[in-house]
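Please treat every number below as a calculation from the coordinates, not as lab data. Every value quoted in this text rests on a predicted model; they were computed, and no experiment measured them. Please note: Cβ atoms are built from the backbone with ideal geometry, for glycine as well, and neighbour counts cover all protein chains shown.
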Amino acid sequence: GRLVVATHNKGKLVEIEDLVRPYGFEAVSAGSLGLPEPEETGTTFEANAELKARAAAEASGLPALADDSGLAVTALGGDPGIYSARWAGPDKDFGRAMRNVEELLQQKGAVAPEARHAYFVAALCLAWPDGHIETFRGEVHGTLVWPPRGELGFGYDPMFLPEGETRTFGEMTREEKHGRGPGRDGLSHRARAFSLFARACLEP
Ligand code: ITT
């Protein structure tokens, strides 16, 4: 069937399209349907994902999948967290957002890798037009490197080195970042949240 992917973020959209494709869904982007971007007034990833999914399901009359995600830096008390997109400013300059994170880490004297722990969070919410919702959360933990490495991915990917890996998300193809090999639940926060969603809602 058709599924609205309730995001205006191109990087997320291509990743979610990869994840839903094997299940035979046709992903329709919120942008292509001209759906408005609701204001993200929630105080948690889950609340913001729900708000976006409900708005898209109501406006389109189709099931809608929304993703609210971000990077939580332990030494910064979890910032930028739900404000990860907003730290890039109106021109969506993630070079600037990453420099900002790095400057704050330097101010804290966070030089050793242990002091540079961070994790990505993704909350996925599927909303049906009748108001039913299901929400799933995935996380991936790792270390922030400086300078950023790699041109792949989006957002904060070039400075995030997942635990146990030698390459940053910016140096991984989408397939590698998903990490959904046979018997694996995924590597990225988004792929992990999607695995939970698929198991609960899509697999017999
Ligand atoms: P939508 O609300 O339209 O989906 P958005 O970019 O505003 O798009 P969020 O509010 O969820 O989405 O912001 C999440 C930000 O966190 C996003 O802009 C990225 O910068 C960052 N982020 C999330 N997942 C990421 C990933 O896999 N790799 C790198 N950065 C990521």
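For the reader, a short list of remarks on this structure follows.
- Among the residues of region 167-204, the one identified as over 30 Å from residue 146 (Cβ atoms) and acidic (Asp, Glu) is 203.
- Residue check for residue 77: under 27 Å from residue 3 (Cβ atoms) and either crowded, with 20+ Cβ neighbours inside 10 Å or small (Gly, Ala, Ser) (or both): no
- Taken over region 38-83, the criterion of being part of a helix (DSSP H, G or I) and of a type in the set (S, T, N, Q) is satisfied by 48, 60, 74.
- Filter result (within 20 Å of residue 189 (Cα to Cα) and either away from the ligand (no atom under 16 Å from the Cβ) or basic (Lys, Arg) (or both)) within region 76-110: 77, 86
- Residue satisfying all of: in region 111-137; closer than 18 Å to residue 6 by Cα and among the small types (Gly, Ala, Ser); farthest from the ligand (Cβ to nearest atom) among these: 131
- Positions within region 35-79 being of a type outside the set (S, T, N, Q), within 27 Å of residue 110 (Cα to Cα) and under 18 Å from the mean Cα position of the chain (by Cα), in sequence order: 45, 70, 71, 72, 73, 78, 79
- Filtered residue count, region 71-93, keeping only those that are in contact (Cβ under 8 Å) with a residue 60 or more places away in the chain and of a type in the set (S, T, N, Q): 1
- Identity of the residue in region 169-194, closer than 13 Å to residue 140 by Cβ and away from the ligand (no atom under 15 Å from the Cβ), that ends up surrounded by the fewest Cβ atoms within 10 Å (Cβ to Cβ): 184
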